[in-house]
Amino acid sequence: MLIRDVSDQQLVPAYGIQFQQIYPHAGEDAADWGVGRCVVEPSRQTEPHSHVEHEMFVIVEGAGVITIDDEEQEVGRGQAVLIPAGARHTFANRSTHDRLVFLNVYWPPSLGPVDL
């Protein structure tokens, strides 16, 4: 059994926001899939980027605007966003006082396609 402390003390800078690798606990190089926790402070956003993996964001606190390639959509707590491998994306927290917190789950295309 692996139990991880999921707290702000575990966050480190990544992609212009704060990030915690939850699994694999040895870091992203230990497995080709994983789960992380992301915190976007008010009026901040992730750096625009893409990955070779598929990615899913599950919003657990706050709201924001996700941009995937040329498509932009408002999303908030209780919603999930699927991002296909290779898609350029950024997630902006437009609130001036509330944090945006989401879990990200990522996996390689070899584990299965993304059905959009």
Which residues qualify? For E53, with a placed amide H closer than 5 Å and at least 5 residues away or on another chain, they are G86
Check: the chain dipole with +1 on Lys, Arg Cβ and -1 on Asp, Glu Cβ, in debye
320
May I ask you to sort S95, S7 by Cβ crowding, counting other Cβ atoms within 10 Å and putting the fewest first?
S7, S95
Please list, by residue number, everything in the stretch 51-69 whose backbone N is under 20 Å from a paramagnetic label point 7 Å out along Cα→Cβ of L111.
51-60
What is the order of V58, V52, fewest Cβ neighbours within 10 Å to most?
V52, V58
Read through the labelled values (i) 131; (ii) 111; (iii) 96 and report the label of the one computed as volume of the Cα convex hull per residue in Å³ from the structure.
(ii)
Name the most mobile residue of Y23, Y15, Y106, meaning the one with the largest mean-square fluctuation, in a Gaussian network model of the chain with Cα contacts below 10 Å.
Y15
Multiply the residue gap between A80 and D32 by 0.36 nm, knock off their C-alpha separation, and tell me the result in nm, one decimal place.
15.2 nm
To make sure I understand, if each residue's beta carbon is the centre and we count other beta carbons within 10 Å, what order do L2, L111 fall in, fewest to most?
L2, L111
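Just so you know, all these numbers are worked out from the coordinates, no wet-lab data involved. No experiment lies behind these values; they were computed from the predicted model shown. Note that each Cβ is placed from the backbone with ideal geometry, even for glycine, and that neighbours are counted across all protein chains shown.
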